Amino acid sequence: MTAVERLPAALARRIALAAQGFAEPRPATAIGTRQLRRLTDRLAVVQIDSVNVLSRSHYLPAFSRLGPYPRPSLDALSNQRHELFEYWAHEASFLPARLHPFLRWRMAAADQEAWGSMTRVQRERPEYVAALLDRVRADGPLKASQLQEERPNRPGSMWNWHAGKAALEYLFFTGALTATARTAGFERVYDLPERVLPRHALEASTPPRADAVRELVRTAARALGVATETDLRDYFRLSPADARTAIAELTDAGELQPVEVAGWGRPAYLDPAARRPRWIRAQALLSPFDSLVWERPRVERIFGFRYRLEIYTPAAKRVHGYYVLPFLLGDRLVARVDLKADRQAGVLRVQAAHAEEGVERSAVAAALAGELRLMAAWMDLGDVAVAERGDLWPGLSGALRSPSSPG
């Protein structure tokens, strides 16, 4: 029996960061479609979220890894070129079009995989759902706001959809419709897949579910570098049974290598092709929905960083703030900042800044100041303002006043 390789925790952390695109320096030249395509192929899943207190979340992973880039270039990959398509992967996400065939099993199982008002409207009003599909087929792209439907009175509900929106979402989940674009207000525009998706995706054969799940786990393993079963399963929100079978098959085929990672306390799997860098020199602010940090137990296991999103926590009970971004420096998460884009005032507001225990605060403050300046410029905000909250704000405020801060 082959001995299981034992990885030091620090090496596992560097492997994970390299797999996510943090081992390479940011491009020194202008960033365009080629670099964005390469990054989205690497990550495979770019999560979408509607919160816009700082930026739409899907714009941030590319900034974190590549630095300032033209956001219209990313929009073009999904809205014009359609090299990215939108679907439910790790929540609502943008994915490379090549993955469309590997998610058709989920589309076919919509009545089991979808939830709430989506399945209810199909069950209770199937003729209405069919009529909406016919309307799109005949008249072209459609937004839910174009439908004359009364919104249900469910205050505080996250999914407060009227029947038309629920019907369109059901059709989207089944793959009968896809998203052709997002409006400036972030509303999804629905159309037929044959009018949106690239021919290579549409014409690709539909693999059996087991084969498709195996490809999704294979893709997750490449994006994660080294991962537990839960990590691999979570990337595309797969069922435990499906994921375990796929992991076992990929391991038997030599496409996953079982390893033990010091301190993880559970079996892990290594992508045999994963890079093993000797160091990481990253400097990045991370969206709460970035694939590096979206699974909070993995973040704590790899970085010793306890991270919780407090958007839905009452303001008085928040510990770190409303929209908090971890700050990656080298191969460590060293701080967290609650950020807000005050577009009217033209200011990037740091509403709180907290350092992690044991870090060199002056060095962290200087590096963070540079990254905040870079972000503010990318977002066309003229200044960075720091509120007096958190243990890092004095050093950060001083570093931002210093012309020598990196940026």
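The values are calculated or read from the model by the stated rules, or taken from the named source; none is laboratory data. Source: prediction; values computed, not measured. For neighbour counting, all protein chains shown are included, and Cβ atoms are generated from backbone atoms with ideal geometry for every residue, glycine included. Surface areas here come from the heavy atoms of the whole protein model, side chains and all, with no ligands, DNA or RNA. Shrake-Rupley method; radii C 1.70, N 1.55, O 1.52, S 1.80 Å.
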Residue check for Thr180: open to solvent by 10 Å² or more (accessible area, probe 1.4 Å), among the β-branched types (Val, Ile, Thr), in contact with a Phe, Trp or Tyr (Cβ under 8 Å, 6 or more places away or on another chain) and in contact (Cβ under 8 Å) with a residue 60 or more places away in the chain: yes
Counted residues, the stretch 105-136 - those being aliphatic (A, V, I, L, M), at pLDDT 95 or above and under 23 Å from the mean Cα position of the chain (by Cα): 1
The one condition in (1) under 17 Å from Ala399 (Cβ atoms); (2) without any contact (Cβ under 8 Å) to a residue 24 or more places away in the chain that Thr313 fails to fulfil: (1)
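If you go through the stretch 25-47, how many residues are touching a residue at least 40 places away in the same chain (Cβ under 8 Å) and either open to solvent by less than 20 Å² (accessible area, probe 1.4 Å) or not basic (Lys, Arg) (or both)?
Narrowing the stretch 25-47 to residues touching a residue at least 40 places away in the same chain (Cβ under 8 Å): 25-27, 31-33, 36-37, 40-47.
With either open to solvent by less than 20 Å² (accessible area, probe 1.4 Å) or not basic (Lys, Arg) (or both) added as a condition, the list becomes 25, 27, 31-33, 36, 40-41, 43-47.
Total satisfying the criteria: 13.
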Pair list, Cβ under 8 Å, 6 or more apart: the stretch 73-84 residue open to solvent by 40 Å² or more (accessible area, probe 1.4 Å), other residue in a loop (DSSP other than H, G, I, E, B): Glu83/Pro198
Residues of the stretch 88-109 that turn out to be closer than 18 Å to Glu203 by Cα and either of a type in the set (Gly, Ala, Ser) or in contact with a Lys or Arg (Cβ under 8 Å, 6 or more places away or on another chain) (or both), as a count: 3
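Could you identify the single residue in Pro207, Pro258 that is open to solvent by less than 60 Å² (accessible area, probe 1.4 Å), modelled with pLDDT of 95 or more and assigned to a loop (DSSP other than H, G, I, E, B)?
Details: Pro258 fails: assigned to a loop (DSSP other than H, G, I, E, B).
The match here is Pro207.
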Candidate set from the stretch 239-255 (those that are among the hydroxyl-bearing types (Ser, Thr, Tyr) and assigned to a helix (DSSP H, G or I)); member that is least open to solvent (accessible area, probe 1.4 Å): Thr251
Residue match in the stretch 48-55 (condition: in a helix (DSSP H, G or I) and either open to solvent by 30 Å² or more (accessible area, probe 1.4 Å) or modelled with pLDDT of 95 or more (or both)): no
